[in-house]
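Input: a single structure, listed below in structure tokens.
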Amino acid sequence: MTSPSAIKPTPTHTQVWGLPIFVLGGLQLLVVLDGTVVALALPKIREALSLSESSSNWIITAYVLAFGGLMLLGGRLGDTYGRKRVFAIGVALFTLTSLLCGIAWSPAVLVVGRALQGLAAAVAAPASMALVATTYAPGKARSQAFAVYAALSGAGSVAGLIAGGLLTEMSWRLVFLVNVPIGVLVSLGAVLCLRESQGTRAELDVAGAVLATVGVTLLVFAVNGGPAGWTRAVVIAPAIVAVVALVAFMAVERRASNPLLPLALFGNPSRVAALVATVLAGAVIMCLAVFISLYLQGVLRYTPLRSGLAVVPFALGLGSAAGISSKLALRVQPRWLVVAGGTVIVLGCVYAAAITARTPAYFPDIAIPVLAVGFGVGFAVVPLTLSIVAGVEASEIGPLTALAQVAQNLGGAVGLVAVGAAAASRPTLASGYGLAFLCCAAIAVATGLVVLLMRFTPEDVAEGQDAQELVHAGDVDMQA
């Protein structure tokens, strides 16, 4: 009789193309698509709900904070209660909260809905990745399934730029409501064609998840209000509580029998530098995604569709650079690749800040910098991701990969609010966005300085890639 605490069916799928990959990839597509289209729709949402620049950023930040802060706990829920069950519940919750966002009647309802959307994604996303490993047979089929799963992220980004523009021109509410029919299909597909799997049951670190999320959220809230006066009680009080919550989080993690954040992972200074750089890179990526769209629509008066098409070169540059840098990382120290990509980002952002003082033409004033910055992001982020898992055992791949995603999400949330608050303090939209691009350049410089502390070699990167291949091939059980 199989113990309910360890349900591990033998994967039988040897063909990648079929209902399971579309169901599992459907969630990934939803999550990526949602992030892209909301950034495009933000100017219309702000106008419709009469939101200020800094207040509107919470529509994105609330989602990212909940997603990033609760993702590690979400992975443990799947291991404990069954990944199929948790995946189906997470997708259903994502669908319902998308409906809530689509019919939101006030800014508060929309922000709460976005936070709940992030919670749902944090529950479903880790389970979906684990289900890929338990659905497809070890070896070629599983490796191909992971490749298809990852490719949907790139497809979702480009599709989001085009579809998001079209939907926003009709109504900003459609960017949320479009998730509903897709979510219903994915939920039904999960129930009908996925098999249950479950890891070893372990004590859930709920206290750690709550303390981390509350601490980071209050810290972001304090940073958001800072530019209007750092000595105000509305800034000081949440900052103090944030520090207390984060200190308590570290204390809980030291004593927890199954901590969300095993402190042993921070024993390597080079890996710590890679994680810090990932936080900063997350801030750059999020700010660029949001402020490029806001600038195009708010200052240059592009329509949402034209705005989406205008930044397609960003996605193309990122995708092409990612393939190049992943191969170079096996020959060149990753830190130098990150520095090279960061240099391109700095140059592109400084140029973007300069052209905000006039009315630029799309080509070459906008198209070339957008393509270049996208290339720089792809060239820098891939070596960072590889560095986080460089030289580790296969059993550590899952926790470190999840930690990297959390770091990038939380960095994006903090960066967006901080840079957004600074931009809102300027007298005009154009000067505000110019300052935002300069802030992105400054964060990219800081990222370059941090990665100089990394000492990973191409051999370390190759070792990490071998460990990833072992996980994907099924020789090692991947724990979220």
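Any read-out appearing in this document is the output of simple, stated calculations on the displayed coordinates, not a laboratory observation. For clarity, every value in this text was computed on a predicted model and none was experimentally measured. Backbone-built Cβ (ideal geometry, glycine too); neighbour counts: all protein chains shown.
For region 16-114, what number results from the quotient of the Cα radius of gyration and 2.2 N^0.38 Å?
Rg over 2.2 N^0.38 Å, computed on Cα atoms: 1.21.
Quote to one decimal, in nm, the extra length available between Ser425 and Asn258 on full extension: 0.36 nm per residue of separation minus the C-alpha distance between them. List each step's numbers first, then the result.
Values: separation 167, 0.36 × 167 = 60.12 nm, distance 4.40 nm.
Extra length available between Ser425 and Asn258 comes to 55.7 nm.
Of the three principal axes defined by the Cα atoms of the chain, the extents in descending order read 70, 50, 46 Å. Here the average projected area of the convex hull drawn through the C-alpha atoms of region 205-257 stands at 3.2 nm².
If each residue's Cβ is checked for other Cβ atoms within 10 Å, how do Trp58, Trp17 rank with the fewest at the top?
Values: Trp58 24, Trp17 10.
Least crowded to most crowded, the residues run Trp17, Trp58.
For the chain, adding -39500 (n - 2.57) for each run of n ≥ 4 DSSP H residues and dividing by the number of residues yields -26000 deg cm²/dmol at 222 nm.
Could you estimate the translational diffusion coefficient of region 362-423 from the Stokes-Einstein equation, with Rh from the Kirkwood formula over C-alpha pairs, at 25 °C and 0.890 mPa s, in whole µm²/s? Write down the numbers at each step before the final one.
On the way: Rh = 14.1 Å.
Here the translational diffusion coefficient equals 174 µm²/s.
Coordinate range of the alpha-carbon atoms in region 173-301 per principal axis, descending: 54, 51, 33 Å. Our Cα-only numbers for region 18-196 put the radius of gyration and Dmax at 16.1, 53 Å. Once both labels are modelled 7 Å past Cα along the beta-carbon direction, what's the Gln465-Val272 spacing in nm? Taking the two extended label points, one gets 2.9 nm.
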